[in-house]
1. Being of a type in the set (A, V, I, L, M), in contact with an Asp or Glu (Cβ under 8 Å, 6 or more places away or on another chain) and farther than 30 Å from H122 by Cα is the requirement here; does A21 meet it?
2. Do we have any residue at all in the range 184-202 that's assigned to a loop (DSSP other than H, G, I, E, B), without any contact (Cβ under 8 Å) to a residue 24 or more places away in the chain and not β-branched (V, I, T)?
3. Contact list please: Cβ distance under 7 Å, first residue in the range 31-45 and more than 15 Å from L10 (Cβ to Cβ), second residue surrounded by 12 or more Cβ atoms within 10 Å (Cβ to Cβ) and among the aliphatic types (A, V, I, L, M), pairs at least six apart or on different chains.
4. Report those helices (runs of 4 or more DSSP H) wholly inside the range 50-167 carrying at least 1 residues which are at pLDDT 85 or above, of a type in the set (A, V, I, L, M, F, W, C) and surrounded by fewer than 16 Cβ atoms within 10 Å (Cβ to Cβ).
5. Looking only at residues in the range 168-213 that are farther than 27 Å from D99 by Cβ and among the acidic types (D, E), which one is surrounded by the fewest Cβ atoms within 10 Å (Cβ to Cβ)?
6. Failed condition for N173, given (1) within 30 Å of S190 (Cα to Cα); (2) within 21 Å of the chain's Cα centre (by Cα), with all others met?
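The values are calculated or read from the model by the stated rules, or taken from the named source; none is laboratory data. Note that this is a predicted model, so its numbers are computed, not measured. Here Cβ is always computed from backbone atoms with ideal geometry, including for glycine, and neighbour counts include all displayed protein chains.
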Amino acid sequence: MNLQRVRYFLAVADELHFGRAAERLHMAQPPLSQQIRLLEGEVGVKLFDRTTRRVLLTAAGEAFLPEARRVVTAADSAERVMAEFRSGEGGLLRLGFVDSAAFEVMPRYLRAYRQRHPQVQHDLQIMSSSSQLDALRTGKIDVGISRTAGSADDICTTTFRVEDLYFAVGPDNPLQKRKNASIANIDSGSMIGFDRRLSPSLHEQLQALFQRAGKSYEPVIEATEYT
């Protein structure tokens, strides 16, 4: 069914006058009458009773009217959605993020993003850094937020936040009484680190950090969460 002809039908149904409908549509009356006849040929029934004095909807036209409005409304909505996609102002953004980003980074990001792009919907998924890389490569997410990006040549990365890395000790640890400490003072064999399988790039960075201090980085326990 020709959608433009359905629009013509609605204009005539609203005006119940071919001349006024033609003016509203910015077209001549004869082409409008022809398009209505073609639409009636498509649906196989007469939609209007026409006389020289009046235009009325037939019973079939009355039944067709609400359906025609729904079709045109849905088509207009689809056009708006596609226009938003083309302009970047609409659509669905699938975003993966590490769980530690849920406390401060994600709320701040979502608030700012929704102010700029209120029509964009979000599909949020908590993922480890390594899972995010896999999901980006397979198209399961559009953007990933992780602590480190690693050396992924096929992924475009950018640093948007830098945070300090803290080493926490218990009350009985000798370092607890010191005002300052360095990597050289830390025994990684008695520490808890983050699971290298979930964030291999972070593990590599910590290894490099310890190596520069002449130490090895081999945590006795590797945890799956920061908090």
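1. Details: of a type in the set (A, V, I, L, M): yes; in contact with an Asp or Glu (Cβ under 8 Å, 6 or more places away or on another chain): yes; farther than 30 Å from H122 by Cα: yes.
Answer is yes for this residue.
2. Among the residues of the range 184-202, at least one is assigned to a loop (DSSP other than H, G, I, E, B), without any contact (Cβ under 8 Å) to a residue 24 or more places away in the chain and not β-branched (V, I, T), which makes the answer yes.
3. Between residues of the range 31-45 that are more than 15 Å from L10 (Cβ to Cβ) and residues that are surrounded by 12 or more Cβ atoms within 10 Å (Cβ to Cβ) and among the aliphatic types (A, V, I, L, M), the close pairs are V45/A60.
4. 59-87, 105-116
5. D172
6. (2)
Conditions (1) in the same structural domain as A75 (by TED's automatic domain parsing); (2) over 24 Å from D76 (Cα atoms); (3) polar (S, T, N, Q), marked per residue:
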position	(1), (2), (3)
Y8	yes, no, no
A11	yes, no, no
F18	yes, no, no
R24	yes, no, no
Q35	yes, no, yes
L39	yes, no, no
E42	yes, no, no
K46	yes, yes, no
R54	yes, yes, no
